[in-house]
Amino acid sequence: WLEDNLATNSRAAYRRDLALAARALSGGQTLDHSEVLATADPVQLNRLLGDRLAEGAAPRSVGRMRSALRRFYAWASREGLVQPNPAQDLPAPRLPRALPSDMSEADVETLLEAPDTRTPLGLRDRAMLETLYATGLRVSELVGLTLNEVHLVHGLARIVGKGGRERLVPIGDEAIAWLRRYLDASRPRLLGERPAHALFVTDRASPLTRQAFWYRIKHHARAAGLARLPSPHTLRHAFATHLLNHGADLRALQMLLGHADLSTTQIYTHVATARLKALHAEHHPRG
C-alpha cells in the first residue's frame, strides 16, 4: 500500500502512524493490526484523529496520520479488502497558519546592496532584488516576467498570478532605475546574439528558474553577512509587512499581492503588530 516513489523516511513514518492508529482503535490491545483496521468505520477514524489532537499531538502529525490512513484504505478498497472505503471523506485537521518570517528594513537594504553591480550577473541580481522588494511578487511571477509585461514608462508590471488572475503592480522609481541599467548594460551582454522573451536571463540566454534565484539570494545574503538566510519569499513578506508598518491599506495590499481572499493578506497584520511591539519594548523607556 506504500508506493515505490515515497521517500524511505515517509514510508517509515506512515507505517508508524498506521500501527499507532491500530493500537488506538483496539483500545491499546495487542490485536492484529490488519483486522482492527479492516473493521474500522468513518466515525471511529474521525474520532481517532480528534482524540490525537486533544492529546496534544501536533496538527501536522495528525495530518500525516490521516494521509497514512487514506493511503492504506485506498489500497485496501482497490484490493477488495474493505467496502466502502471508510477514510475516503476523512476531514483534514485544521493546521495553524504560519506567520511569514520578518525582515527589517535595514536588513533588506543590506541584501539589496550585496550584488556586485560592476558585473553583468551582479547588475541583473540587483535589478531582480529591487523589483521583488518593490512589487511583492511571488518568485515564480518574478522569474516568469517577459519583456512585454514590464512597462517602465508607466512604472507598471502586468502580472498573471495564481489561477490565471491578472493584476497591475506599480514598480517604483528605484526599481525602474535598476531595471533600466540592467536592460541597457547587463541583459545584452548576457544574451549576446541570442533572442529571449524573458526579462531576467542567465548567461546561457535561458530564463532564470526559481531554483537559480533561490541560489543567488542565498549567495548574496551570505556575502552580506545576514544573520538569517532569507527564504525565496522573504522579500515578498518584507514588502507586505513594511507597507503595513507605513500605513498601507489592507485592501490595497491584497490587490498588490494578488490574494484572492483578504484573510490571506490579514496574516501580515500580525507580523506588523509583532514588529511594532518589539520596537516598543526595545526603545520605550518603560519597555
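Coordinate-derived values only; no laboratory data. These numbers were taken from a predicted model, which means no experiment stands behind them. Cβ placement follows ideal geometry from the backbone for every residue including glycine, while neighbour counts extend to all protein chains displayed.
Return an integer: the convex hull volume of the alpha-carbon atoms of the chain, in Å³ per residue.
Considering the Cα atoms of the chain, their hull volume per residue is 203 Å³.
Determine the sum of side-chain charges near L191: Lys and Arg each +1, Asp and Glu each -1, restricted to other residues whose C-beta is under 15 angstrom from that of L191.
Net of charged neighbours comes to +2.
Taking the Cα centre of each part, how many Å lie between the range 186-227 and the range 12-70?
47 Å
Only helical DSSP H runs with n ≥ 4 go in: add -39500 (n - 2.57) per run for the chain, normalise by residue count and round the 222 nm mean residue ellipticity to 500 deg cm²/dmol.
-17000 deg cm²/dmol
When the chain is fully extended, how far beyond the present Cα-Cα distance does N148 get from D249, taking 0.36 nm per residue of separation?
Stretched out fully, the N148 to D249 stretch lengthens by 33.4 nm.
Go through 122-129, 76-83, 102-109, 230-237 and give me the packing order, highest mean Cβ count within 10 Å leading.
Highest mean packing first, the order is 122-129, 230-237, 102-109, 76-83.
Any chance you could run the full-extension gain for D51 through A223? It's 0.36 nm times the residue separation minus the Cα-Cα distance, nm to one decimal.
Value of the extension gain: 57.1 nm.
Over the chain, with a Gaussian network built from C-alpha contacts below 10 Å, which listed residue (L191, L48, L243) shows the highest mean-square fluctuation?
Its mean-square fluctuation being the largest, the pick is L48.
What is the ratio of the Cα radius of gyration of the range 8-78 to 2.2 N^0.38 Å, with N the residue count, to two decimals?
Ratio of Rg to 2.2 N^0.38 Å for the range 8-78: 1.03.
What FRET efficiency, computed as 1/(1 + (r/R0)^6) with R0 = 35 Å and r the Cβ-Cβ distance, is obtained for D41 and S10, rounded to the nearest 0.05?
After rounding, the FRET efficiency stands at 0.85.
So the label point goes 7 Å from the Cα of R165 along Cα→C-beta, right? Which residues of the range 241-264 then have their backbone N under 18 Å from it?
241, 249-264
So how much slack lies between D89 and T209, counting 0.36 nm per residue of separation and subtracting their Cα-Cα distance, in nm?
Here the answer is 39.5 nm.
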